[in-house]
Amino acid sequence: MKRKYLFGGLALAFLSTLALTANAQEKKESVGQVISKTATKVGNKTAEVAVKGTAKVADQTYKGKMAPDGSDVYINGKNKKYYINKKGGKVYLKESQIKNRPVKKEK
């Protein structure tokens, strides 16, 4: 009888140890993957800043209006309205997508 409990206890301990070590494994990213993600983020931000700078110089800003994401709306030479997304791309807007910018109240 004692032998049965001993083997049962050992089997239970072995299975619980096996289950815990299986859950303890972590998925680690390689250095190349981390560098790639960081380079992509830096590239997107650089493109966004460059396109916004060009838009401020070359095109007009639509005063009192904002894009669906809250950023500035620009008007190009062909009277098309657009905003700059997080990747630096121009996203053209319909009139229904342009919102009024809330006015800040002074105290």
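The one condition from (1) of a type outside the set (Asp, Glu); (2) on the phi < 0 side of the Ramachandran plot; (3) touching a residue at least 12 places away in the same chain (Cβ under 8 Å); (4) out of contact with any Leu (no Cβ under 7 Å at 6 or more places or on another chain) that LYS28 does not meet is (3). Sub-8 Å Cβ pairs linking a first residue in region 42-67 that is of a type in the set (Gly, Ala, Ser) to a second residue that is at pLDDT below 90, at least 6 apart or interchain, are GLY64/ARG101, ordered by first then second residue.
None of TYR92, TYR74 is modelled with pLDDT of 90 or more and open to solvent by less than 40 Å² (accessible area, probe 1.4 Å) except TYR74. Give ALA67, ALA55, ALA50 a once-over and let me know the one that is in contact with a Leu (Cβ under 9 Å, 6 or more places away or on another chain), open to solvent by less than 100 Å² (accessible area, probe 1.4 Å) and among the aliphatic types (A, V, I, L, M). Just one listed residue meets the conditions, ALA67. Here is the figure for region 55-69: residues that are over 17 Å from LYS94 (Cβ atoms) and either of a type outside the set (Val, Ile, Thr) or at pLDDT below 90 (or both) total 7. If you go through region 77-89 and pick out every residue that is on the phi > 0 side of the Ramachandran plot and open to solvent by less than 80 Å² (accessible area, probe 1.4 Å), you end up with 1.
The values are calculated or read from the model by the stated rules, or taken from the named source; none is laboratory data. Predicted, not measured: the structure shown is a model, and the values here were computed from it. Every residue, glycine among them, receives a Cβ derived from its backbone with ideal geometry; neighbour counts consider all protein chains shown. For the accessible areas, the whole protein counts, side chains as well, though only heavy atoms, and no ligand, DNA or RNA atoms are used. Shrake-Rupley method; radii C 1.70, N 1.55, O 1.52, S 1.80 Å.
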